[in-house]
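Since the structure comes first, as structure tokens, the remarks are kept for the end.
The values are calculated or read from the model by the stated rules, or taken from the named source; none is laboratory data. For clarity, every value in this text was computed on a predicted model and none was experimentally measured. For neighbour counting, all protein chains shown are included, and Cβ atoms are generated from backbone atoms with ideal geometry for every residue, glycine included. Each accessible area value is taken on the protein alone, full model and side chains, heavy atoms only, with ligands, DNA and RNA left out. Shrake-Rupley method; radii C 1.70, N 1.55, O 1.52, S 1.80 Å.
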Amino acid sequence: MPEESVRPLERGLAVLRALSVAEQVRAGDLVRATGLARSTVDRVVATLVRLGYVREQGQELHLTPRLMELGNAYLAASGLSGEVAARTARLADDLDESVSLAVPDGNGVRFVTQAARRRAMSVAFRIGDLLPAERCAPGALFAAEWDEAAWAAWRARVAATPADDPARAFPALPPGPASPPPDLADRVEHSRVTGWALDDQLIEPGLIATAVPVRDTAGRVRYALSAVSHTSRHTAQGLAELVLPRLREEAAHLESLPATQLPDGTADVMAPHATAEGLPREQPSTAKAELGPDFLQSLARGLTVLRALGPAHGDGLPLTAIAAATGLPRATARRCLHTLELEGYAAHDGRLYRPLPRVLELGFARLSRLGFADIAEPHLRQLTGRVHQSASVTVLDGTDILYVARAATVRVMSVHITLGTRFPAYPTAMGRVLLSGLPEADRARLLKAAPPRSLTRRTVTDPAELHRVLDRAAADGYATADEELEEGLRSVAVPVKDAAGRVVAALNVAQHAGTAPLDETIGALLPALRGTAAAIEADLHTAARFNGALMPWRT
Ligand code: PHB
């Protein structure tokens, strides 16, 4: 008897796809995009909200960074370790050009690593973006391995791609009309002869790229390694001459890394990963008990199975391992895997299952465009709603704190703060949190560089006392500043840490000092601040796991 697919999982995936391609989506839009009944859409959305993959903002539905854990499972399984990302970033530094790795996805090309040096003039692709094979350098390398059926599928797809606006089918492309690309078969022939491929402004005027293949042990093209530039810097041919020796050298190195022995997440850009993506996060049965028929347990289970494919290095994982990791009966796990296969997100060879690059279409490309502030802001809004005071996130910039995200209340504060505002670090709670997270020598250097002065009657200016204040902040995990920056202003701040535990930002709530003792303010604010910092950190670690460029800068 043929295996049955899991309908709620299929529907959930359809809703996630619809949320991945459009902006400002409401439930009604999902009904139109998926053809599902409104009541079904509502239950799918309620389940995805409960799983933390979707956030409701008024009527609008937004994907959350947590959803990137699905794409992370694919990226981890494909052997894209911290070492590979770090080497790509170093190559981009050496060449002073953007460098990317892409994999074949059907007759498209999907980016799995990006180290951008992109100048302002052109589009920049992110991890998860999909390009049509005929419009980029890697496409010619991958198409060299297509069989007749693959060419036929490609021709059918080209015929269906709107010529007046290919971006409707490939949202990563710049919108609007594009000139017809040169013949793909000719480009394939060229790359067969030369061993590399060229993109001479196939995507947009000015954008040029050179790509070389990275092969697996069986000799099949596993990745394309590209260097990307602009005609204002090089001709297409000039770029190729400049970068080919280094690209080839790097490809040879990547080919020498044993796929099953790639270290996972040990390099600096991808610090050891915390438990945010541990399995399972919550028992679906708890949510089921709370949400009743609105919670689609088999959707939750299917997505847990997808996440469980993350450790599938090399050839993949057997069903028993997946059942054990998810706590699901084998038959249930197998039906989920079967559904994921039908949808193009997983494959199996004999007994072993692995995730496929298409998983990245589930919100990853869209979410990988988010910056640090975009990730923090929804959490700040929630905190502000809870404590009815303004909340902010700052980073250290030299001896100053710099506001990078903020949610303000309507109350009139005596200080006018906008994004980009700076204050000296030493008399602020956030500055103290940031300074206290630095190595001793850096902290001392910064305090010397901007010697403390009295800004109010209460500013701590004595260096020895300030060091004691910072030591206490490090030990307590929070800091305060009570009318030290400005009379009447009180602030409590906590650190925001990266996955390696380094303080990368500070989060605060500021309010009028009023008459309450400081301890009372701390007691009232600290639990909410800590909860918010933990929520920001969880999103940040998920979103930054394969994107080292996301973290806020540090001195
Ligand atoms: C990119 O990495 O952004 C890239 C790579 C190859 C292309 C175009 C862009 O042909």
Angle, helix 330-342 long axis vs. longest principal axis of the chain, Cα atoms, 0 to 90°, nearest 10? 70
Would you compute the Debye intensity of region 305-382 from its alpha-carbon atoms alone, equal scatterers and no solvent, and pass along log10 I(q)/I(0) at q = 0.16, 0.19, 0.23 Å⁻¹ to two decimals? -0.65, -0.77, -0.96
May I ask for log10 I(q)/I(0) of region 372-550 at q = 0.14 Å⁻¹, from a Debye sum over the Cα atoms as equal point scatterers with solvent left out? -0.69
Work out the length of the dipole vector of the chain about its Cα centre, built from +1 on the beta-carbon of each Lys and Arg and -1 on the beta-carbon of each Asp and Glu, and round it to the nearest 20 debye. 860
Largest-first semi-axes in Å of the equivalent ellipsoid built from the Cα gyration tensor of the chain are 44, 30, 22
Does region 424-471 classify as rounded, prolate or oblate by the C-alpha gyration tensor (a ≥ b ≥ c root eigenvalues; a/c under 1.5 gives rounded; else a/b over b/c gives prolate, otherwise oblate)? prolate
Within 12 Å, Cβ to Cβ, of Ser191, how many net charges do the neighbouring residues add up to if Lys/Arg are +1 and Asp/Glu are -1? -2
Name the residue from Ser39, Leu9, Val359 whose Cα lies farthest towards the positive end of the charge dipole of the chain, charges +1 on Cβ of Lys and Arg and -1 on Cβ of Asp and Glu. Ser39
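Which GluC sites (Glu not before Pro) in region 475-555 pass both tests, a DSSP loop state and at most 15 other beta-carbon atoms within 10 Å?
Values: sites: Glu483, Glu484, Glu486, Glu487, Glu520, Glu537; in loops: Glu483, Glu484, Glu486, Glu487.
In loop regions of region 475-555 (DSSP not H, G, I, E or B), the sparsely surrounded GluC sites (Glu not before Pro) are Glu487.
Carbon and sulfur together cover what percent of the accessible area of the chain at a 1.4 Å probe radius? Write down the numbers at each step before the final one.
Details: 12380 of 23770 Å².
Within the chain, the accessible surface is 52 percent carbon and sulfur.
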From the square roots a ≥ b ≥ c of the eigenvalues of the alpha-carbon gyration tensor of region 434-530, which class results: rounded (a/c under 1.5), prolate (a/b over b/c), or oblate? oblate
Shape call for region 80-256 from the C-alpha gyration tensor, a ≥ b ≥ c root eigenvalues: rounded (a/c under 1.5), prolate (a/b greater than b/c) or oblate? oblate
Averaged per residue, the 1.4 Å probe accessible area of region 372-550, protein heavy atoms only, in Å², is roughly 42
For region 456-466, what does the Karplus curve 6.51 cos²θ - 1.76 cosθ + 1.60, with θ = phi - 60°, yield as ³J(HN,Hα) per residue in whole Hz, taken in order and with x for Gly and Pro? 9, 4, 10, 4, 6, 10, 5, x, 5, 5, 4
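Highest mean first, how do 430-439, 81-90, 340-349 rank when packing is the count of other Cβ atoms within 10 Å averaged over residues? Each step should come with its number before you reach the end.
Details: 430-439: 25.0, 81-90: 21.1, 340-349: 18.2.
Those peptides, ordered most packed to least, come out 430-439, 81-90, 340-349.
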With Cα atoms, 0 to 90° folded angle of helix 184-194 axis to the chain main axis: 90
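Where does the chain land at 222 nm, in deg cm²/dmol rounded to the nearest 500, when only DSSP H runs of n ≥ 4 count, each adding -39500 (n - 2.57), divided by all residues? Before the final figure, lay out each step's value.
Details: 19 runs with 231 residues, N = 555.
So the helix-based figure for the chain works out to -13000 deg cm²/dmol.
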